[in-house]
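Visitor: Structure provided below as structure tokens; questions to follow.
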Amino acid sequence: MAKTESNMLPLGTPAPDFKLPDTISGKTLRFAEIAGEKATLVMFICNHCPFVKHVLDELVRLGQDYADKPVGMVAISSNDVTGYPQDRPERMKELAEQRGFSFPYLYDQSQNTARAYDAACTPDFYIFDAERKLAYRGQLDDSRPGKGVPVSGSDVRAALEALLAGNPVPSRQKPSIGCNIKWRSS
């Protein structure tokens with residue numbers, strides 16, 4: 001399992017906009033359409049990555065736990081599907097429906113959105129505040145496949161709870177670790 005760390009986009013960076021198809025609803029969505037009043041969680045994931053599979057239950061729980069709060073959530077897959085057909089949009093939809101995603105699962109075919117966010121790995125997490133400025137980026141929690149640490153979502157949950165309470169998110173943040181985004185060759 002090759003490990004890649006987050007690039008750690010600078011805190012305070014404005015949320016890059018996007019216009020991407022949702023594999024679940026078939027609608028094309030922009031950042032503004034998924035943004036929450038207090039916080040917006042953007043997750044770069046994919047279907048095949050063992051690091052994503054390891055945390056998938058917690059991503060579903062996050063969606064359920066924050067569904068009735070002023071938090072927007074979205075998952076985006078930017079992988080090149082030529083070499084990774086299990087990440088194709090129809091397979092993304094299957095996974096989202098099987099697992100009961102309560103958030104959109106967008107397909108970034110051009111990979112421009114991943115580049116705009118400086119996303120490097122799956123999973124990679126970004127949380128924007130009410131002003132759509134980056135307040136958190138990095139890991140879900142300290143759990144990794146095969147390490148014996150339970151998946152809790154503690155880092156992402158702490159950042160979301162701070163924003164919901166109107167408090168600053170601590171600036172000491174750890175990078176996520178996962179599979180590299182599968183970039184298309186030029």
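The values are calculated or read from the model by the stated rules, or taken from the named source; none is laboratory data. Just so you know, these numbers come straight off a predicted model, no measurement behind them. Cβ placement follows ideal geometry from the backbone for every residue including glycine, while neighbour counts extend to all protein chains displayed.
Visitor: For the condition at pLDDT 95 or above and of a type in the set (D, E, K, R), what is the one hit in Arg115, Arg184, Arg144, Arg172? Show your work before the answer.
Guide: Working: Arg184 fails: at pLDDT 95 or above; Arg144 fails: at pLDDT 95 or above; Arg172 fails: at pLDDT 95 or above.
Answer to the selection: Arg115.
Visitor: Being surrounded by 17 or more Cβ atoms within 10 Å (Cβ to Cβ) and under 22 Å from Gly166 (Cα atoms): is that true of Phe128 here?
Guide: It is true that Phe128 is surrounded by 17 or more Cβ atoms within 10 Å (Cβ to Cβ) and under 22 Å from Gly166 (Cα atoms).
Visitor: Take the conditions closer than 23 Å to His54 by Cβ and at pLDDT 95 or above and apply them to Phe101. Does it pass? Talk me through it step by step, then tell me what you get.
Guide: Working: closer than 23 Å to His54 by Cβ: yes; at pLDDT 95 or above: yes.
Yes; evaluated as a whole, the condition is true for this residue.
Visitor: Specify the residue that is surrounded by the fewest Cβ atoms within 10 Å (Cβ to Cβ); the eligible residues are those in segment 4-25 that are assigned to a loop (DSSP other than H, G, I, E, B) and in contact with a helix residue (DSSP H, G or I) (Cβ under 8 Å, 6 or more places away or on another chain). Outline the logic, then answer.
Guide: Kept after step one, since they are assigned to a loop (DSSP other than H, G, I, E, B), are these residues of segment 4-25: 6-13, 15-18, 23-25.
Retained after the next criterion (residues that are in contact with a helix residue (DSSP H, G or I) (Cβ under 8 Å, 6 or more places away or on another chain)): 9, 15-18, 23-24.
Values: Leu9: 18, Ala15: 20, Pro16: 19, Asp17: 11, Phe18: 22, Thr23: 23, Ile24: 19.
Filtering segment 4-25 for residues that are assigned to a loop (DSSP other than H, G, I, E, B) and in contact with a helix residue (DSSP H, G or I) (Cβ under 8 Å, 6 or more places away or on another chain), the one surrounded by the fewest Cβ atoms within 10 Å (Cβ to Cβ) comes out as Asp17.
Visitor: A further question on this structure: Output the residue which, of all residues in segment 26-36 that are in contact with a strand residue (DSSP E or B) (Cβ under 8 Å, 6 or more places away or on another chain) and part of a loop (DSSP other than H, G, I, E, B), is surrounded by the fewest Cβ atoms within 10 Å (Cβ to Cβ). Explain how you work it out, then say what you get.
Guide: Step one: list which residues in segment 26-36 are in contact with a strand residue (DSSP E or B) (Cβ under 8 Å, 6 or more places away or on another chain), which gives 27-31, 34-36.
Still in the running and part of a loop (DSSP other than H, G, I, E, B): 27, 35-36.
Values: Lys27: 11, Ala35: 19, Gly36: 20.
If we take residues in segment 26-36 being in contact with a strand residue (DSSP E or B) (Cβ under 8 Å, 6 or more places away or on another chain) and part of a loop (DSSP other than H, G, I, E, B), then Lys27 is surrounded by the fewest Cβ atoms within 10 Å (Cβ to Cβ).
Visitor: Only one of (1) over 20 Å from Phe31 (Cα atoms); (2) loosely packed, with under 15 Cβ neighbours inside 10 Å; (3) touching a residue at least 60 places away in the same chain (Cβ under 8 Å); (4) not acidic (Asp, Glu) is not met by Val149, so which one is it?
Guide: It fails just one condition, (3).
Visitor: Mind telling me which of the residues Ser171, Ser154 ends up being without any contact (Cβ under 8 Å) to a residue 40 or more places away in the chain and within 23 Å of Gly36 (Cα to Cα)? If you could, list the steps in order and put the result at the bottom.
Guide: On the way: Ser171 fails: without any contact (Cβ under 8 Å) to a residue 40 or more places away in the chain.
Matching residue, one of Ser171, Ser154: Ser154.
Visitor: Identify all residues within segment 159-186 that are surrounded by fewer than 16 Cβ atoms within 10 Å (Cβ to Cβ) and within 15 Å of Tyr66 (Cβ to Cβ); write none if there are none.
Guide: Result: Glu161, Ala165.
Visitor: Hey, any hits in segment 136-144 for a residue that's among the basic types (Lys, Arg), out of contact with any Pro (no Cβ under 7 Å at 6 or more places or on another chain) and within 22 Å of Val71 (Cβ to Cβ)? Don't jump to the end; show me each part of the working.
Guide: Residues of segment 136-144 that are among the basic types (Lys, Arg), as a first pass: 137, 144.
Imposing the further condition that a residue be out of contact with any Pro (no Cβ under 7 Å at 6 or more places or on another chain) reduces the set to 137, 144.
Next, from what is left, pick out any that are within 22 Å of Val71 (Cβ to Cβ): 137.
So far as segment 136-144 goes, yes, one or more of its residues are among the basic types (Lys, Arg), out of contact with any Pro (no Cβ under 7 Å at 6 or more places or on another chain) and within 22 Å of Val71 (Cβ to Cβ).
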